[in-house]
Amino acid sequence: MRFLGNIEAKADAKGRVFLPAVFRKELQAFCEERLVLRKDIFQPCLVLYPESVWNEQIDILRQRLNRWNKDEWQLFRQFVSDVEPVALDGNGRFLIPKRYMKLANIEQTVKFIGIDDTIEIWNAETANEPFMEPNAFGEELQQIMSRENNYDE
């Protein structure tokens, strides 16, 4: 599953927003009906995970943590406790809870950005700014792409 695109949308007064059709089609192609919404760890945006992707990420994290280590279990608890199950209505809309809108500084206009197997939801103004300076982006990408990759995930 690969989400591609950068699509602007508007939330209504209740916080409901249409998931862009291109993303809904990708979910349907993989028979994904349920999503999980979480505030991003590093950035002021929200992340929509298809349920299978969320479950895979939870399994990976759990495998790396020791349940009997208090600090590690607190980290796991923090990661999984503040999520919101998301269901699309018949029109392809879902509700972004107000607390999440505050966390991501979202007012009315949002930008959906396909990021591989997840979808990020940004305040449209923030998402219009470059995430990195162009020169820094080029240099960092060159370094990453020219090194030998031994990562499995």
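The values are calculated or read from the model by the stated rules, or taken from the named source; none is laboratory data. Here the structure is a predicted model, which is why all the values come from computation and not from measurement. Quick reminder, even Gly has a Cβ in these numbers, built from the backbone with ideal geometry, and neighbours come from all protein chains shown. Only protein heavy atoms, including side chains, enter the accessible area calculation; ligands, DNA and RNA are left aside. Shrake-Rupley method; radii C 1.70, N 1.55, O 1.52, S 1.80 Å.
Which residue out of GLU32, GLU56 is under 14 Å from THR118 (Cα atoms), among the acidic types (Asp, Glu) and either in contact with a Phe, Trp or Tyr (Cβ under 6 Å, 6 or more places away or on another chain) or in a helix (DSSP H, G or I) (or both)? Outline the logic, then answer.
On the way: GLU32 fails: either in contact with a Phe, Trp or Tyr (Cβ under 6 Å, 6 or more places away or on another chain) or in a helix (DSSP H, G or I) (or both).
Among GLU32, GLU56, only GLU56 is under 14 Å from THR118 (Cα atoms), among the acidic types (Asp, Glu) and either in contact with a Phe, Trp or Tyr (Cβ under 6 Å, 6 or more places away or on another chain) or in a helix (DSSP H, G or I) (or both).
Hey, any hits in the stretch 43-50 for a residue that's surrounded by 14 or more Cβ atoms within 10 Å (Cβ to Cβ), touching a residue at least 24 places away in the same chain (Cβ under 8 Å), of a type outside the set (Ser, Thr, Tyr) and assigned to a helix (DSSP H, G or I)? No, the conditions are met nowhere in the stretch 43-50.
Of all the residues in the stretch 14-39, those that are crowded, with 16+ Cβ neighbours inside 10 Å and within 19 Å of ARG2 (Cβ to Cβ) number 8.
Going through the stretch 92-118 one residue at a time, which ones are open to solvent by 50 Å² or more (accessible area, probe 1.4 Å), modelled with pLDDT of 90 or more and more than 14 Å from the chain's Cα centre (by Cα)? Correct list: ARG93, LEU95, LYS98, ARG99, LYS102, ASN105.
All conditions but one from (1) closer than 14 Å to THR118 by Cα; (2) in contact with an Asp or Glu (Cβ under 8 Å, 6 or more places away or on another chain); (3) modelled with pLDDT of 90 or more apply to LEU65; the one that does not is (1).
Of all residues in the stretch 52-62, those that are in contact (Cβ under 8 Å) with a residue 12 or more places away in the chain and either over 19 Å from ARG38 (Cα atoms) or out of contact with any Asp or Glu (no Cβ under 9 Å at 6 or more places or on another chain) (or both) total 4. Of all the numbered requirements in (1) exposed (fewer than 13 other Cβ atoms within 10 Å of the Cβ); (2) assigned to a strand (DSSP E or B), GLU140 misses one, and that requirement is (2).
Within the span defined as the stretch 81-90, every residue fails to be small (Gly, Ala, Ser), closer than 25 Å to PHE131 by Cβ and in contact with a strand residue (DSSP E or B) (Cβ under 7 Å, 6 or more places away or on another chain).
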